[in-house]
Amino acid sequence: MKSFKNHLSLVIALLSILFSLQSFIIVERAIDGYKENLAKNYALVVVAKKKIDDKKLIVNNSLIATINEISPDGVIQRLNNGMSKKNMELLKLTLPKFYKLKLKHYPSPAELEALTKTLLQKSTIQKVETFSKTHDTTYKLLLLFKRVISVFAVTVMIVTILLIFKELRIWQFKHNERMNIMGLFGAPVWLRSAVLFRLAIVDAIIASALSFVIFSYLAATPWIAQELNNIGISIVLFDPLYDFLMMLGVSVTLSIFLAAFIVLGHKEEV
Amino acid sequence: MDKVIIAENLSLAYSNDETIISKANLSIDSGSFVFITGASGSGKSTLLKSLYGALKPIEGSLVVGGVELRGVSSSKLNFLRKHLGIVFQDYKLVKEWTIEKNIMLPLIINGYDKVVTQNQVDSLLKHVKLRHQAGKYPLELSGGEQQRVAMARALAHNPILILADEPTGNLDDYSSQLIWNLLEGANEQLKTTIIVVTHHIPQNMKINYKHYHIEFGAIREII
């Protein structure tokens, strides 16, 4: 029971680190997914005096994915009240050209500003409509959400690392006597501290395995996928291989690092 | 005869406190049995600690088993300690290990084969009359029994030198006699050098021994 309790305190601390890390990754993926969706639905409208060389424009601007001319027929139809066919054709010729520019990814306000500037430098382009007000608000909201989650995750991690450190200090105190006795018989540092490292690694594995179970369950829970679908996001909540290996790597590295820190700080009693 | 310990102008102190042993000279032959006596606080245990490198000399030279302990590196100190057997007054047994595992400790550290280790432990448990207690933990034994375990551990790897700090200080007559018999046996049969720090030299010692006394920071031989 006592040994179980000893394991539990470090496992819970590691678990909270892994939980905040994976939560951060999920939020990051959700934001990326949402940005992808926004990019799909987002377009700039460019007004030009005459037909523009779309191929050249795409080559010169890495952000632009496609350029499609918007047909003026819809506008002309609304104006055709009593207008002769000849006048209609004339009107068609005098109207400026409208283009819809699709972008490769959802741009930051700075990227958007730079693109607008570049486009307006072309003599044929008269106006660029970026719908920046809506765009900026959405983008800033996303960034704010990401920052809040990052600050939260980092805070949880720092507090948890401090807790782990305290826990390992208790371990050191507990293992000090054995480490000293082993040292008196010439045991090298690695042998003296083997138990400490073994405990740290075992706890890291247990914490990773528990995280695996929790996130696999969450990933298989229909309501989370449903919630994400509702806002048009389809992401991998938990990759059983990649995410698990990442969690295992983080927890084992962290445990080994902290255990090594404790061992290096150990002084032989005189 | 080979010298297992050579101390020249040896001075010992804890951190920057008052010097406990001052400019002492000591030369101990390999295979000898040595008693070091002195009043409480005279520096007997301090001297013993310096012999296994827990306390470094602040002055002079101290060579144990061919290793100079002044400014010794941790790897050299580990090398020396692997060849020492130490018996403490407070036993210093690992509480969460069984008696058997405690005795195995120096054999594990010295990389002995599993079968050899087990045979050696069985034989030692028989010698210290604790064969039936092998699976027990130190706190389940009496003080005398714990010291016998510590004695078995000190003998396990056939060390060149056994250092014993008041090994019978708190023990009953039966356990004390058993400890002295084991120390005498190791000295006689295995030619192990034995250094015992004690208040009283037992009256019934069967072997020849040397006696050093510590007083006012100086070590002198009593002839």
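Just so it is clear, none of the values below were taken in a lab; they were calculated from the coordinates. For clarity, every value in this text was computed on a predicted model and none was experimentally measured. Because the Cβ atoms are built from the backbone with ideal geometry, glycine has one as well, and the counts that use them run over all protein chains shown.
List of remarks:
- Taking every Cα-Cα distance in region A:110-160 and sorting them into 5 Å bins starting at zero, the pair-distance distribution P(r) comes out as 4, 17, 16, 14, 11, 10, 9, 7, 5, 4, 2, 1 percent.
- Flagged links, alpha-carbon separation over 29 Å, of A:LYS35/A:LYS100; A:LYS166/B:LYS49; B:LYS56/B:LYS129: A:LYS166/B:LYS49; B:LYS56/B:LYS129
- Across A:LYS56/A:LYS104; A:LYS267/B:LYS44; A:LYS86/A:LYS117; B:LYS82/B:LYS206; A:LYS104/A:LYS146; A:LYS50/A:LYS140, pairs whose alpha-carbon gap is larger than 27 Å: A:LYS86/A:LYS117; B:LYS82/B:LYS206; A:LYS50/A:LYS140
- Semi-axes of the equivalent ellipsoid for region A:135-270, Cα gyration tensor, largest first, Å: 42, 18, 10
- Calculated FRET efficiency for the pair B:ILE207/B:LYS56, C-beta based, R₀ 30 Å, to 0.05: 0.40
- Selection among B:ALA152, A:GLY186, A:LEU8 by position relative to the dipole of the protein assembly as shown gives A:LEU8 as farthest towards the positive end (Cβ unit charges, Cα centre).
- A straight chain from A:ILE205 to A:ILE12 at 0.36 nm per residue would run longer than the Cα-Cα distance by 68.3 nm.
- Sites A:ALA260 and B:SER75, calculated FRET efficiency, Cβ-Cβ separation with R0 22 Å, nearest 0.05: 0.75
- Computed per residue of the protein assembly as shown from DSSP H runs no shorter than four, each worth -39500 (n - 2.57), the mean residue ellipticity at 222 nm is -18000 deg cm²/dmol.
- Treating each Cα of chain A as an identical point scatterer and summing with the Debye formula, the log10 of I(q)/I(0) at q = 0.14 Å⁻¹ comes to -1.01.
- Average projection area in nm² (convex hull over Cα atoms of region A:43-130, one quarter of hull surface): 6.0
- With each label modelled as a point 7 angstrom along the Cα→C-beta vector, the B:ALA218-B:ASP122 pair spans 5.5 nm.
- For B:PHE35, the residues whose modelled amide H falls within less than 5 Å of its own, excluding neighbours fewer than 5 places apart on the same chain, are B:VAL196, B:LYS210, B:HIS211, B:TYR212.
- Under 5 Å, built H, 5+ apart or other chain: amide partners of B:GLN89: B:ASP165
- Cross-link partners of A:LYS133 among aspartates and glutamates, defined as those whose alpha carbon lies under 14 angstrom from its own and excluding same-chain residues fewer than eight positions apart: A:GLU113.
- Gain in span if fully extended, A:TRP190 to A:ALA39, counting 0.36 nm per residue against the direct Cα distance: 48.9 nm
- With the gyration tensor restricted to C-alpha atoms of region B:75-135, the semi-axes of the equivalent ellipsoid amount to 20, 15, 10 Å, longest first.
- DSSP beta bridge pairing in chain B, given as percent antiparallel to the nearest 5: 50
- Relative intensity of chain B on a log10 scale, I(q)/I(0) at q = 0.09 Å⁻¹, equals -0.35, per a Debye sum over C-alpha point scatterers of equal strength in the absence of solvent.
- Straight-distance crosslink candidates among aspartates and glutamates, where the alpha carbon sits under 15 Å from B:LYS76 and sequence neighbours closer than 8 are dropped: B:GLU68
- Calculated P(r) of the protein assembly as shown - Cα pairs past 42 Å, %: 49
- If R0 is 51 Å, the Cβ-Cβ spacing of B:ARG131 and A:VAL213 corresponds to a FRET efficiency of close to 0.60.
- Cα gyration tensor shape of region B:31-115, rounded if a/c is under 1.5, else prolate or oblate by comparing a/b with b/c: oblate
- Placing dummy labels 7 Å off each Cα toward the beta-carbon, the span from A:THR134 to B:GLN189 is 9.7 nm.
- When you work out D = kT/(6 pi eta Rh) for region B:139-223 at 20 °C and 1.002 mPa s, using the Kirkwood radius from C-alpha pairs as Rh and the Stokes-Einstein form, the result is 155 µm²/s.
- Our note on the geometry: Cα centres of region A:27-97 and region A:194-239, 44 Å apart.
- Amide H contacts of B:ILE162 (H built 1.01 Å from N, under 5 Å, at least 5 apart or other chain): B:GLY85, B:THR193, B:ILE194, B:ILE195
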